[in-house]
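Below is one structure, written out as structure tokens; comments come after it.
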Amino acid sequence: MTTLIEECKQICCPTPLNRANVPSMVRLRLTFYNSSLFVNSELVPEEKQAATVAVASDSWIDFILNFFMSLAIIVTVVYFVPSVWSRYAQATETQKAVAEQIMLTDVPEATAEVESKAPEVNPLVHEVAAAYDLSMPEGKWLISEKAGIKSPLSAASPVDDEAGVSEIMENGGYIYPQFNNMGWKGKLTILAGHHYNMAISPEKAQTSFQNLKNLEVGDIVSVVDDYKVWNYEVYKIEQSDMITEANPDLLMYTCVYWWDSQLRLFVYARIVEA
């Protein structure tokens with residue numbers, strides 16, 4: 001019992017001891033336990049140094065992990081959050097602004113005197129005969145093989161139905177109901193679609209307006225309505241925050257950059273008559 005007490009005193013004693021004087025029980029403990037946990041850590045300086053190196057190594061690992069985690073958070077906040085906010089929170093507001101801008105320049109006169117008169121024939125405003133192509137898909141479509149566009153079109157929701165418009169644009173292009181004049185010369189048709197600021201599948205790129213940027217002046221795009229086909233020739237392409245052309249027959253647009261939600265890619269086209 002006395003020997004055990006003495007050995008315990010040696011373990012707990014704060015006074016430095018030489019390894020030659022360390023009892024067998026202490027040697028055994030120092031062999032199987034980290035000496036840095038003992039008061040007498042100076043008995044094994046090589047083990048203390050090894051423990052210090054291990055702690056330093058762990059610190060570097062923690063630093064690297066924290067760095068990459070911080071980088072991932074920054075990328076998420078800077079890129080994805082503004083992209084989602086810009087695309088869903090402001091897309092409908094921009095659509096309204098575009099529609100209102102055009103409506104201000106195209107307000108029809110609706111007086112009783114005008115309605116009582118026989119309609120005058122305007123050579124600049126008339127319906128163009130469609131070509132029929134049974135190889136085309138059923139329904140309404142915007143198609144350009146050169147640019148890689150094959151987008152289904154719908155005007156099923158009014159402009160102020162934010163959820164409905166967003167759902168349509170997730171699956172294709174949106175036709176403004178107030179400007180749904182496919183096949184007319186002198187009457188405007190407006191089509192809008194999504195552009196994604198990230199990698200998407202080739203199929204998604206075709207059905208959205210992702211490839212609208214591939215169009216060039218002089219290119220032909222086709223608008224299809226149940227096998228009836230009208231061709232339009234692109235005459236102007238620009239990036240702007242407002243519409244600058246007064247009399248296109250077809251206006252197609254999409255967003256450009258998520259960090260400038262007001263900037264849009266506008267493509268203007270005129271109908272081609274046979």
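The stretch 152-260 holds strands (runs of 3 or more DSSP E) entirely within its bounds, and those carrying 1 or more residues that are among the polar types (S, T, N, Q) map to 189-192, 220-225, 228-240, 250-257. Going by what's in this entry, would Asn180 be described as out of contact with any helix residue (DSSP H, G or I) (no Cβ under 7 Å at 6 or more places or on another chain) and within 19 Å of Thr254 (Cβ to Cβ)? Spelling it out, Asn180 is indeed out of contact with any helix residue (DSSP H, G or I) (no Cβ under 7 Å at 6 or more places or on another chain) and within 19 Å of Thr254 (Cβ to Cβ).
Taking the listed residues Tyr227, Tyr268, Tyr232, the one that is touching a Pro at 6+ places or on another chain (Cβ under 6 Å) and over 30 Å from Thr76 (Cβ atoms) is Tyr268, with no other qualifying.
In the stretch 104-156, of all residues being modelled with pLDDT of 95 or more and among the polar types (S, T, N, Q), the one that is nearest to Pro177 (Cα to Cα) corresponds to Ser151.
Could you give every pair whose Cβ atoms fall below 9 Å, whose first residue belongs to the stretch 132-147 and is among the hydrophobic types (A, V, I, L, M, F, W, C), and whose second residue is surrounded by fewer than 13 Cβ atoms within 10 Å (Cβ to Cβ) and at pLDDT 95 or above, counting only separations of at least 6 or pairs across chains? Here the result reads Ala147/Glu216, each pair linking the stretch 132-147 to a residue that is surrounded by fewer than 13 Cβ atoms within 10 Å (Cβ to Cβ) and at pLDDT 95 or above. Looking across the stretch 182-206, just one residue is more than 25 Å from Leu124 (Cβ to Cβ) and of a type in the set (Phe, Trp, Tyr), and that is Tyr196.
Looking for something surrounded by 15 or more Cβ atoms within 10 Å (Cβ to Cβ), under 18 Å from the mean Cα position of the chain (by Cα) and under 27 Å from Leu134 (Cβ atoms) - is there at least one such residue anywhere in the stretch 190-202? Yes, the stretch 190-202 contains a residue that is surrounded by 15 or more Cβ atoms within 10 Å (Cβ to Cβ), under 18 Å from the mean Cα position of the chain (by Cα) and under 27 Å from Leu134 (Cβ atoms).
Here Gly172 fulfils each of the conditions (1) of a type outside the set (Val, Ile, Thr); (2) surrounded by fewer than 19 Cβ atoms within 10 Å (Cβ to Cβ); (3) farther than 16 Å from Val267 by Cβ apart from (2). Looking only at the stretch 171-206, which residues are farther than 17 Å from Ile143 by Cα and of a type in the set (D, E, K, R)? Residues satisfying the conditions are Lys185, Lys187. Condition (residue is farther than 23 Å from Tyr227 by Cα and aromatic (Phe, Trp, Tyr)) applied to the stretch 169-190: is it met by at least one residue? The answer is no; no qualifying residue exists. Which residue is surrounded by the fewest Cβ atoms within 10 Å (Cβ to Cβ), if the candidates are limited to the stretch 211-234 and must be free of Cβ contacts under 8 Å to residues at least 40 places away in the same chain and over 20 Å from Glu127 (Cα atoms)? Of everything passing the filter in the stretch 211-234, Gly218 is surrounded by the fewest Cβ atoms within 10 Å (Cβ to Cβ). Which numbered condition trips up Glu170, out of (1) under 15 Å from Gln210 (Cα atoms); (2) at pLDDT 95 or above? It fails just one condition, (2).
The values are calculated or read from the model by the stated rules, or taken from the named source; none is laboratory data. Note that this is a predicted model, so its numbers are computed, not measured. Counting neighbours? That spans all protein chains shown, and the Cβs are built from the backbone with ideal geometry, glycine included.
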